[in-house]
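Here's the structure, in structure tokens; my notes come after.
The values are calculated or read from the model by the stated rules, or taken from the named source; none is laboratory data. Note that the structure is a prediction, hence the values are computed from the model and not measured. Every residue, glycine among them, receives a Cβ derived from its backbone with ideal geometry; neighbour counts consider all protein chains shown. Accessible surface areas use protein heavy atoms only, side chains included; no ligands, DNA or RNA. Shrake-Rupley method; radii C 1.70, N 1.55, O 1.52, S 1.80 Å.
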Amino acid sequence: MRRQHRSRRAPTFPHGYRYRLDDQDEANQNYLADEEEEAEEEARVMGVPNGQGQPTGNTWWQKLQLMNEYLWDPEQRMSLARTGQSWSLILVIYFFFYASLAAVITVCMYTLFLTISTYMPTFTERVKPPGVMIRPFAHSLNFNFNVSEPDTWQHYVISLNGFLQGYNDSLQEEMNVDCPPGQYFIQDGNEDEDKKACQFKRSFLKNCSGLEDPTFGYSTGQPCILLKMNRIVGFRPELGDPVKVSCKVQRGDENDIRSINYYPESASFDLRYYPYYGKLTHVNYTSPLVAMHFTDVVKNQVVPVQCQLKGKGIINDVINDHFVGRVIFTLNIET
């Protein structure tokens, strides 16, 4: 704002002194004019119109203007404080950097895949001992049903029938070969050649095949449960002894299970089904099964059951994994 000065009567001074005062007044006026220009410039920067109010400080509008100028400065023709030439150089540098990085990764991956077989794992000795699974499927591995109420056990029968479709005798005879029992079925040749598979017929399971008793014993309170080992490429039971299955009461009275029949009667996985060569070449391979027929189990109470694999090199006591070498489930047969 312009400064207002009160008019005063000029005092009388000596003749020579007056000219010196005039020079001083002119200098003061120039100084005041400079101050006014600086005030106007400051008001313009602070966003206050000339002659209207006092500067109020930096506002969001000035910040937005500064941000817009940072994003694109039309006078300097710069974006984000860089010219077009600078951005072009940066993009070229990063393009060649990432292209070189991608080329190095590609070469490394290609070299790695040259050393890996599609058909056989490279480090089979690091594979855990086989895990197991059971059928029919039961929620939380609890088999609860009432013998006199088919709706409570019919879904177990449907599950077993569906699972055993691939084991039908006619299908096994058509697709697989009849191998001599008691010895490994080793097949030489290139690893990419198709391998033959040994037959495992549904009829091997006898009373638990669903052929003689379509309800698999559930209608009489004598349920069948099937157990199989998970497939491991190249796995062979050690010392040429087949892996066997043994079931018992996990906790409680051992007399809660008084009788179990196994099918096949040896309660074992025959050596002729090993080794397994992988799904790419052993396409018709059918995992062998062991059926447990619980013919005499105490009724109307929960019976915890543990079925373990027995054999050389088999681990069945891992605390934090109940499916390595064993499986635990419960039977609750109501009458």
Report summary line: Between Ser287 and Gln154, the two model label points (7 Å from Cα along the beta-carbon direction) sit apart by a distance in nm of 2.9 nm
Report summary line: Heavy-atom accessible area of the stretch 218-264 with neighbours in place, 1.4 angstrom probe: carbon+sulfur share in percent works out to 40 percent
**Report entry** Candidate residues Lys63, Lys310, Lys195, Lys279: accessible-area rank, largest first, probe 1.4 Å
**Finding:** Lys279, Lys63, Lys310, Lys195
**Report entry** Base-10 log of normalised Debye intensity for the stretch 159-243 (one unit scatterer per alpha-carbon) at q = 0.12, 0.15 Å⁻¹
**Finding:** -0.49, -0.73
Report task. Grab the Cα-Cα distance for Val302 and Leu80, subtract it from 0.36 nm times how many residues apart they are, and report the gain in nm with one decimal. Result -> 72.6 nm
Report summary line: The answer for Ile333, listing residues at least 5 apart or on another chain whose modeled amide H is closer than 5 Å to its amide H, is Asn300, Gln301
Report summary line: 1/(1 + (r/R0)^6) with r = Cβ-Cβ of Phe163 and Gln250, R0 = 35 Å, i.e. FRET efficiency to nearest 0.05, evaluates to 0.90
Query raised in the report: Quick one: if the Förster radius is 41 Å, what FRET efficiency do Cys108 and Asp192 give, using the C-beta to C-beta distance and rounding to 0.05?
Result: 0.95
Query raised in the report: Extent of the stretch 74-228 along each principal axis, from alpha carbon coordinates, in Å, largest to smallest?
Result: 93, 48, 29
**Report entry** Relative contact order %, the stretch 134-333, counting alpha carbon pairs below 8 Å whose residues are six or more apart
**Finding:** 27 percent
Report summary line: A correct Kirkwood calculation over the Cα atoms of the stretch 134-333 returns a hydrodynamic radius in Å of 17.8 Å
Query raised in the report: Between Leu101 and Asn146, what length comes free when the chain is fully extended (0.36 nm per residue of separation minus the Cα-Cα distance, one decimal in nm)?
Result: 9.7 nm
Report summary line: Per the Kirkwood formula over distinct C-alpha pairs, the hydrodynamic radius of the stretch 288-335 in angstrom is 12.6 Å
